[in-house]
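Visitor: Let me begin by handing over the structure; questions about it come next.
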Amino acid sequence: MYLVLLGPPGAGKGTQAKMIEQEFGISQISTGDIIRESIRQQTEWGKKANEYVKEGKLVPDEVVIGIIQEQLSQEKFQAGFMLDGFPRTLQQAEALASMLDNMGKRLDGVLYFEVNEEEVIQRLSARRICENCQATYNLLSKPPKEDQICDACGGKLIQRADDRPEVIRQRLKTYKEQTAPLVKWYEDRGLLYRLKSEGSIAEVYQQVKKVLNEIQEKNG
Ligand code: AMP
């Protein structure tokens with residue numbers, strides 16, 4: 001299956017992607033994770049990307065489109081993938097459509113995680129990630145067993161620099177202006193599946209499974 005996960009920051013795309021990956025064997029491609037890794041490694045373009053990320057702005061289209069082009073050419077994604085955090089602009093959506101066209105593939109669906117702004121702010125403020133393995137926690141809804149320690153690897157839990165309140169506000173503005181128009185763009189193309197993402201992780205996942213089963217049936 002070829003999927004796109006769409007929705008504002010904090011909608012739960014990454015969390016659901018991990019669960020989909022486990023049960024359906026579809027590999028996640030997260031542009032945010034790739035960008036953060038290059039920032040950690042302090043590569044030349046990682047340093048440049050950080051200037052945008054830390055302000056809650058989008059990294060330029062040509063950089064992100066380049067990342068996706070490179071990812072999609074890898075053998076492990078030939079049987080399917082789900083894009084988490086890409087596309088985020090109309091130009092990226094158009095570039096994706098033509099990349100897939102060239103590969104003789106087409107998107108099966110776009111899962112749109114709808115969630116209100118208050119909930120997003122609350123979730124992002126309470127989010128913590130493991131600085132070692134990047135596992136994600138939420139102090140309110142998915143706390144670690146031991147305070148500030150990753151259950152999976154024992155690493156230290158930290159707050160993402162862009163999960164601070166002033167950056168969260170800018171990220172939401174960026175989302176509304178540049179990414180939200182994609183909802184209609186994909187709806188017009190008959191690809192959009194709406195999910196109510198305000199419930200618990202398990203409740204949202206039930207909806208995800210329903211949609212994926214529907215897509216599988218459609219595909220025969
Ligand atoms: P995320 O982890 O998806 O919230 O992404 C974190 C940050 O990485 C975003 O706020 C952007 O600065 C950058 N980023 C991730 N994906 C994209 C994209 N498709 N286009 C532009 N910037 C992106």
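The values are calculated or read from the model by the stated rules, or taken from the named source; none is laboratory data. Since the model is a prediction, treat every value here as computed from it, not as a measurement. Methodologically, a virtual Cβ is constructed for each residue, glycine included, from the backbone with ideal geometry; neighbour enumeration extends over all protein chains shown. Ligands, DNA and RNA are excluded from the accessible area calculation, which covers all protein heavy atoms including side chains. Shrake-Rupley method; radii C 1.70, N 1.55, O 1.52, S 1.80 Å.
Visitor: In Å², and per residue, what accessible area does the chain have when probed at 1.4 Å with the other protein chains present?
Guide: Details: 11620 Å² over 220 residues.
With all protein chains present, the chain gives 53 Å² per residue.
Visitor: Take the Cα atoms of region 123-220, build their convex hull, and give its volume per residue in Å³.
Guide: Working: hull volume 13.3 nm³, N = 98.
Roughly 136 Å³ of hull volume per residue.
Visitor: Let me ask another. So if R0 is 22 Å, what FRET efficiency would ILE149 and GLN206 give, r being the distance between their Cβ atoms, rounded to the nearest 0.05?
Guide: Values: r = 30 Å, r/R0 = 1.36.
Rounded to the nearest 0.05, the efficiency is 0.15.
Visitor: Which of rounded, prolate or oblate describes region 4-48 when judged by the alpha-carbon gyration tensor and an a/c cut-off of 1.5? Don't jump to the answer; show the numbers that get you there.
Guide: Details: a/c = 3.27, a/b = 1.94, b/c = 1.69.
Prolate.
Visitor: Next question. Have a look at LEU124, MET19, LEU191 and report the one farthest towards the positive end of the charge dipole of the chain, computed about the Cα centre with Cβ charges (Lys/Arg +1, Asp/Glu -1).
Guide: Farthest towards the positive pole: LEU124.
Visitor: In region 122-176, how does Rg compare with the Kirkwood Rh, expressed as the Rg/Rh ratio over alpha carbon atoms?
Guide: Working: Rg = 12.0 Å, Rh = 11.6 Å.
Taking Rh as the inverse mean 1/r over Cα pairs, Rg/Rh reads 1.03.
Visitor: For region 5-19, what does the Karplus curve 6.51 cos²θ - 1.76 cosθ + 1.60, with θ = phi - 60°, yield as ³J(HN,Hα) per residue in whole Hz, taken in order and with x for Gly and Pro?
Guide: Once θ is set to phi - 60°, the couplings for region 5-19 become 9, 10, x, x, x, x, 7, x, 4, x, 5, 5, 4, 4, 6 Hz.
Visitor: Out of residues 5 or more away from TYR2 or on other chains, whose amide H comes under 5 Å of its own, with H placed 1.01 Å from N in the peptide plane?
Guide: Those qualifying (amide H under 5 Å, at least 5 residues apart or on another chain) are PHE81, ASP108, GLY109.
Visitor: Still on this structure, I have one more. So if we plug the beta-carbon distance of ILE121 and GLU75 into 1/(1 + (r/R0)^6) with R0 = 45 Å, what FRET efficiency do we get, rounded to 0.05? If you can, show how the numbers build up before the last one.
Guide: On the way: r = 40 Å, r/R0 = 0.89.
It comes to 0.65.
Visitor: Just how much of GLU94 is accessible, in Å², when a 1.4 Å probe is used and the result is rounded to the nearest 10?
Guide: Accessible area, nearest 10 Å²: 100 Å².
Visitor: So what's Rg/Rh here for region 170-220, counting alpha carbon atoms and using the Kirkwood radius for Rh?
Guide: On the way: Rg = 13.7 Å, Rh = 12.8 Å.
The Rg/Rh ratio comes out at 1.07.
Visitor: Would you mind computing Rg(Cα) / (2.2 N^0.38 Å) for region 65-138, counting N as its residues? List each step's numbers first, then the result.
Guide: Details: Rg = 15.7 Å, N = 74, 2.2 N^0.38 = 11.3 Å.
It is 1.39.
Visitor: Could you go through region 148-155 in sequence order and give the Karplus-derived ³J(HN,Hα) for each residue, using 6.51 cos²θ - 1.76 cosθ + 1.60 with θ = phi - 60°, rounded to whole Hz, and x for Gly and Pro?
Guide: Residue by residue, region 148-155 yields 6, 10, 5, 4, 6, 10, x, x Hz.
Visitor: Do any trypsin sites (Lys or Arg not before Pro) in region 71-173 lie in a loop, going by DSSP, with at most 11 other beta-carbon atoms within 10 Å of their beta carbon, and if so which? Walk me through the numbers before you get to the answer.
Guide: Numbers: sites: LYS76, ARG88, LYS105, ARG106, ARG123, ARG127, ARG128, LYS145, LYS156, ARG160, ARG169, ARG171, LYS173; in loops: ARG88, LYS105, ARG106, LYS145, ARG160.
Here the sparse-neighbourhood loop sites are ARG106, LYS145.
Visitor: Using the Karplus curve 6.51 cos²θ - 1.76 cosθ + 1.60 with θ = phi - 60°, what ³J(HN,Hα) values do you get for each residue of region 28-33, in whole Hz, with x for Gly and Pro?
Guide: Coupling constants for region 28-33: 8, 10, 10, 5, x, 4 Hz.
Visitor: Once you have the Kirkwood Rh of region 1-106 from its Cα pairs, apply Stokes-Einstein at 25 °C and 0.890 mPa s and quote D in µm²/s. Working shown, then result.
Guide: Numbers: Rh = 14.4 Å.
D = 171 µm²/s.
Visitor: Give me the accessible area of LEU172, 1.4 Å probe, in Å² rounded to the nearest 10.
Guide: About 10 Å², ignoring ligands and nucleic acids.
Visitor: Once the principal axes of the Cα atoms of the chain are found, what is the range along each, listed largest first in whole angstroms?
Guide: Ordered largest first, the chain gives principal extents of 46, 40, 33 Å.
Visitor: Rounded to the nearest 5, what % of the DSSP beta bridges within the chain are antiparallel ones? Let's see the in-between values first.
Guide: On the way: 7 of 23 bridges.
Once the DSSP bridges in the chain are tallied, antiparallel ones form about 30 percent.
Visitor: Okay, next question. With the crude spin-label approximation of a point 7 Å out along Cα→Cβ, what separation in nm comes out for LYS18 versus LYS218?
Guide: 2.8 nm
Visitor: Compute the distance from the alpha-carbon center of region 155-170 to that of region 57-100, in whole Å.
Guide: Cα centroid to Cα centroid, the span is 25 Å.
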